[in-house]
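Note sheet for the following structure.
The values are calculated or read from the model by the stated rules, or taken from the named source; none is laboratory data. Note that this is a predicted model, so its numbers are computed, not measured. Note that we place each Cβ from the backbone using ideal geometry, even for glycine, and neighbour counts take in every protein chain shown.
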Amino acid sequence: MVRYGGKMLEDRSREIESTRKRWDEHAKRYDEWYKTFHGAVEHHVDWELLRGHLPKKRDVSILDAAGGTGRITLPLAKMGYSVTLCDISSGMLNVARQKLLREGVLDKVEILKCDVCKLRFADESFDFVLCWDGMIEAAKELIRVTKKGGKISMFLVNKFGAAIRKFREDPDSALALLRSKPSYVYDEEEKYVVISVEEARELFEKEGVKVIEIYAVCGMLDLLSISKEIQESRNWDEKLFDQVTEILLRLSREPSVKGLSKHLVLYGEKM
Ligand SMILES: C[S@@+](CC[C@H](N)C(=O)[O-])C[C@H]1O[C@@H](n2cnc3c(N)ncnc32)[C@H](O)[C@@H]1O
């Protein structure tokens, strides 16, 4: 677990506070992007990949850590799973609460405001733990609260994908990302540790998680040269949507292109 003491604790509190503020301000707009072609495509790919790993039984406990506005909690609750949704931002959680209430599934979800690096749950509390925010520093804490034999799914920031995206504006920093480890990138003012597929596999295996699969997600739409106008549209041709999501799902599983995506999503089983 990451330990914080003295000055580091102060820095950490300041960091958490500014993250919370940023997400509180963004909360009302967060779901809007998922109504565009681009957002709907990304959500479809994320969800299709997740579906294949969900527990067969519904009477299991699921943690959606840093779950925001409940993008994943809501469909899980509608499928009949009980979910604990936690996040640092009350703004994001309030949006989630309203959506869950509107859809009649609020009783399936426990909503908690907390930092994913300092969870208040006992060891081995959950059968399935999701954290889709790229916070590799939370990995040990998330593994701690996962039951033995349970599954964990984490979004990670792809080191090679980050270097590709940085290269045009700043080749030196892009190459530094690949030379040093670990390194950081800023995405919308937030600092993320970047990691490659092989480093992620090694890190999780060292922590007692058998890696089942690592998929390449987010940012792959750039490779298909879909116009900005289509990407931002809210009405689209369903055939194009099906074609785009099919190719992205195939690319997400294809080892030869896994360095190209913005994020990686890892699925593992705690041994
Ligand atoms: C990109 S959003 C992702 C939300 C959701 N997982 C999804 O996939 O739609 C990132 C979320 O992480 C939350 N977050 C950031 N740092 C956090 C922390 N240390 N503890 C808990 N939540 C955090 C933010 O408040 C925000 O809601």
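Residue under question is Glu229, and the condition is that it be within 27 Å of Arg253 (Cβ to Cβ) and among the acidic types (Asp, Glu); does it hold?
no
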Residue that is modelled with the lowest pLDDT, among those in segment 19-56 that are among the hydroxyl-bearing types (Ser, Thr, Tyr) and near the ligand (Cβ under 10 Å from one of its atoms): Thr19
Subset of segment 110-140 (residues that are within 13 Å of Gly68 (Cβ to Cβ), modelled with pLDDT of 95 or more and either crowded, with 17+ Cβ neighbours inside 10 Å or more than 16 Å from the ligand (Cβ to nearest atom) (or both)): Ile111, Val116, Leu130, Cys131, Trp132
Given (1) in a helix (DSSP H, G or I); (2) under 22 Å from Val129 (Cα atoms); (3) out of contact with any helix residue (DSSP H, G or I) (no Cβ under 8 Å at 6 or more places or on another chain), number of the condition Glu15 does not satisfy: (2)
Any hit, segment 195-205, residues being over 27 Å from Glu269 (Cβ atoms) and in a helix (DSSP H, G or I): no
Any hit, segment 62-83, residues being over 19 Å from the mean Cα position of the chain (by Cα) and not in a loop (DSSP other than H, G, I, E, B): yes
Odd one out for Gly149, checked against (1) surrounded by fewer than 18 Cβ atoms within 10 Å (Cβ to Cβ); (2) in contact (Cβ under 8 Å) with a residue 60 or more places away in the chain; (3) touching a helix residue (DSSP H, G or I) at 6+ places or on another chain (Cβ under 6 Å): (3)
Residues of segment 31-82 classified as of a type in the set (Gly, Ala, Ser) and in contact (Cβ under 8 Å) with a residue 40 or more places away in the chain, total: 6
Subset of segment 112-153 that is under 19 Å from Leu76 (Cα atoms) and aromatic (Phe, Trp, Tyr) - its residue that is farthest from the chain's Cα centre (by Cα): Phe126
Given (1) of a type in the set (Val, Ile, Thr); (2) more than 9 Å from the ligand (Cβ to nearest atom); (3) in contact with a strand residue (DSSP E or B) (Cβ under 8 Å, 6 or more places away or on another chain), index of the condition Val95 fails: (3)
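Results for (1) acidic (Asp, Glu); (2) more than 18 Å from Leu142 (Cα to Cα); (3) crowded, with 17+ Cβ neighbours inside 10 Å; (4) free of Cβ contacts under 8 Å to residues at least 40 places away in the same chain, shown as yes or no for each residue.
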{"site": "Ile195", "(1), (2), (3), (4)": "no, no, yes, no"}
{"site": "Phe204", "(1), (2), (3), (4)": "no, no, yes, no"}
{"site": "Glu229", "(1), (2), (3), (4)": "yes, yes, no, yes"}
{"site": "Glu232", "(1), (2), (3), (4)": "yes, yes, no, no"}
Some residue of segment 151-171 being at positive phi and either within 15 Å of the ligand (Cβ to nearest atom) or not in a helix (DSSP H, G or I) (or both): no
